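**Student:** The structure is given below, and queries will be raised subsequently.
The values are calculated or read from the model by the stated rules, or taken from the named source; none is laboratory data. The structure displayed is predicted, hence computed values, not measured ones. We place every Cβ from the backbone using ideal geometry, glycine too, and count neighbours over all the protein chains shown.
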Amino acid sequence: MKRILPFGIAGIAGFFMDASVLMAIVDAIGPFWARVVSFAFAVLTTWLINRNFAFADCAAEADGMGREFTRYFAAMIPGSLVNWLVYGAMMLQLPSNGGFPLLAVAMGSVAGMATNLAMAQRFAFTARR
């Protein structure tokens, strides 16, 4: 329970990173490729925040950060699949201009959050358990 609020805050920061990058590049490379790039930025953002707040008690030491990030990125894949399915379904139904990609990112993020929390806790942050 103590991890939910800081994980949610990290998720909000990740959402803003995701949405900002998406909106900056969506017209140049299209909504689906832009989503791939924006997601990578969001994962990096949430990992940095989560390892310092939500999972600070079990984050890896400096020499294990690379492995931890790799586990974290892999652990985010199931949640990202849920996220992307919702995003994709919405983008197929909505125009790709205006604020619609932002709405699709928000709905996808909410859909993937519970999966991401479970996966982060179970697989990513295991250094000091």
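**Student:** Tell me yes or no: at least one residue of the stretch 67-75 is touching a helix residue (DSSP H, G or I) at 6+ places or on another chain (Cβ under 8 Å), under 22 Å from Arg3 (Cα atoms) and acidic (Asp, Glu).
**Tutor:** Yes, the conditions are met somewhere in the stretch 67-75.
Residues are listed down the side, and each one gets a yes or a no for (1) small (Gly, Ala, Ser); (2) over 25 Å from Arg3 (Cβ atoms):
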site: Ala24; (1), (2): yes, yes
site: Asp27; (1), (2): no, yes
site: Arg35; (1), (2): no, yes
site: Gly79; (1), (2): yes, no
site: Gly88; (1), (2): yes, yes
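**Student:** Those residues that are more than 16 Å from Met119 (Cβ to Cβ) and in contact with a Pro (Cβ under 7 Å, 6 or more places away or on another chain), I need them from the stretch 50-72; list them, please.
**Tutor:** Phe53 - this is the single residue of the stretch 50-72 that is more than 16 Å from Met119 (Cβ to Cβ) and in contact with a Pro (Cβ under 7 Å, 6 or more places away or on another chain).
**Student:** Tell me which of these Phe16 doesn't satisfy, since it passes every other one: (1) closer than 22 Å to Met65 by Cα; (2) surrounded by fewer than 21 Cβ atoms within 10 Å (Cβ to Cβ); (3) at pLDDT below 95; (4) within 11 Å of the chain's Cα centre (by Cα).
**Tutor:** Among (1) closer than 22 Å to Met65 by Cα; (2) surrounded by fewer than 21 Cβ atoms within 10 Å (Cβ to Cβ); (3) at pLDDT below 95; (4) within 11 Å of the chain's Cα centre (by Cα), Phe16 violates only (1).
**Student:** Quick check on my filter: what residues within the stretch 75-118 are of a type in the set (A, V, I, L, M, F, W, C), touching a Gly at 6+ places or on another chain (Cβ under 6 Å) and under 30 Å from Met65 (Cβ atoms)?
**Tutor:** Val82, Met113
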